[in-house]
1. Taking accessible area as the heavy-atom solvent-accessible surface of the protein chains with a 1.4 Å probe, which residues of the range A:39-64 lose no less than 50 Å² upon going from the isolated chain to the full protein assembly?
2. Is the C-alpha gyration tensor of the range B:90-176 telling us rounded, prolate or oblate? Criteria: a/c under 1.5 is rounded; beyond that, a/b larger than b/c is prolate, otherwise oblate.
3. Quick one: how many Å² of B:Lys187 are accessible to a 1.4 Å probe, rounded to 10?
4. Hey, can you find the accessible area per residue of the range B:89-144 for me, probe 1.4 Å, expressed in square angstrom?
5. Considering only Cα-Cα distances, which of the following residue pairs are longer than 25 Å: B:Lys104/B:Lys142; B:Lys155/B:Lys201; B:Lys104/B:Lys199; B:Lys143/B:Lys187?
6. Pop out the carbon and sulfur fraction of the accessible area of chain A as a percent, whole number, probe 1.4 Å.
7. Using a 1.4 angstrom probe, figure out how much accessible area chain A has per residue, in square angstrom, rounded to the nearest whole.
8. Leaving ligands and nucleic acids out of the surface, order B:His116, A:His98 by accessible area at 1.4 Å, largest first.
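The values are calculated or read from the model by the stated rules, or taken from the named source; none is laboratory data. A quick note: this is a predicted structure, and the numbers were derived from the prediction, not measured. We place every Cβ from the backbone using ideal geometry, glycine too, and count neighbours over all the protein chains shown. Please note that ligands, DNA and RNA were not included when accessible areas were found on the heavy atoms of the full protein model with its side chains. Shrake-Rupley method; radii C 1.70, N 1.55, O 1.52, S 1.80 Å.
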Amino acid sequence: MALYEITSQPTPLDFESTMGTDMLERTIRNAKNLLMCRKGEIPFDRQRGLDQAVFDLPFEQAQQIIVRELDRVMLWEPDVEVEEGWLERDEDGETVVHCIISVTFEE
Amino acid sequence: MAIAKNAKTGGNKGTNTALKQSVKTSSLVSGVAGALAAFAATAAKAVSTGAAAVAKAAAAQSKKKNNNTGKKTTTTANAGSTAPAPAASSNPGTTILLEWCGVKFFAKAGQVVGFHDLTISGSCETEDKEGGGQKYVALKNKKGFEIGFTAYLDKRMGVVDPRADALALAGMAAEGKSGYVYCRESKLVAQNMMATSGKVKDILMTPDGKWICCQVEMTLKGCSKLEGASSGDGGTGSNGPWTARVYYSTGSGAMDSVTATSTVSYQDALAKAYKKVPSNAMWSGTKKQAEYQDAAKPTEQNLEAARKRVQTSTQQSDNAKDKSTQTSVPGITDLNKNVQQQKNNKLKPVRLR
């Protein structure tokens, strides 16, 4: 089973490849985009995105609930299954969400 | 009240002697202010000693209450215990041992919602085959995981209403509720689990019909697809070989990826994949922000490649201009070609949910 790791850190977009036909690529990019969205920022879809209240919790408590939150976030990309999720502190002190996903296409 | 009494007597005694001393000193020290200051100082001292005595008494009393041996222990609720558990637990939050569809099993001071007989099983369907004078089995269908556990709901352990909780669990099985099973921080299995049966048993009741405790035997079965989309190198569940793919771009406009496999762990596979990424990659799929910034700085190589791209694109546009002057309507035929190509390479529709 192929697994992919995505993070909540922004990465530069390769605009030419967005027109590609690889569904796997697009699905992973969708999942990453969902991770980078903040809950409440999208009009008419306020539930989409990662709930920033997770970052207000103590680190250990946040680690315990992050997988549940990732499952909720990935409801908007049903082909993606969250395998693992955890939080890491950056050198700048920022908290980064790491997520390992697997992709299954229903035919 | 007893504590207040002690303080009064202790304090009074202290202040009386302090007063006498202050009078003595005031006779020596000239001025009313000096006398008042001395009195205030001694009175404050008396109050503080009184307060210290009060604190000592309170500590002694609390010590007696807690433990005969003098050690402070945190109590885990035993059956039949009604003593309130002491505070000062080092863990600020309750650790949830198991969670499914909002049903949480945990143990904390004063309340235990427990479970036992947790079983996790995986199975598949096979078909018998024969070949080369040998019988063997081949995989027919994957069945996924099955989880079973028995919830123990006891009023004596802090469960408010065992009857309501038990019937709710059984009702969830009747409705076929599904959700992920979480064990502490991570998922137990990476599959959506649906309750297929919920059996309430071993009910203990009072003579007037109030439930004291009961057990609920739950069975959950996997209700989502288990395997991934791309062909890995096999592996079953989380123990098999891990395949990691790292995407990268060399700045030429195309995104490429490298894969690596490892039987040790996913992190090991990821490290191997990173090693395969070419050195002139501008960014890759899981690199940190700082590395992206460094990679984004133009190097001499990238600048040269960019210059070449500009030259080739200008040449192409010049060639196109020349072509357009030669033929009557070349642009339209070219467009038609592109449309045909696009029709042939139809994109799969993206499902919007």
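1. The answer is A:Gln64.
2. prolate
3. 20 Å²
4. Result: 69 Å² per residue.
5. From B:Lys104/B:Lys142; B:Lys155/B:Lys201; B:Lys104/B:Lys199; B:Lys143/B:Lys187, over 25 Å: B:Lys104/B:Lys142.
6. Summing carbon and sulfur atoms, their accessible area is 50 percent of the total for chain A.
7. 50 Å²
8. Accessible-area ranking of B:His116, A:His98, largest first: B:His116, A:His98.
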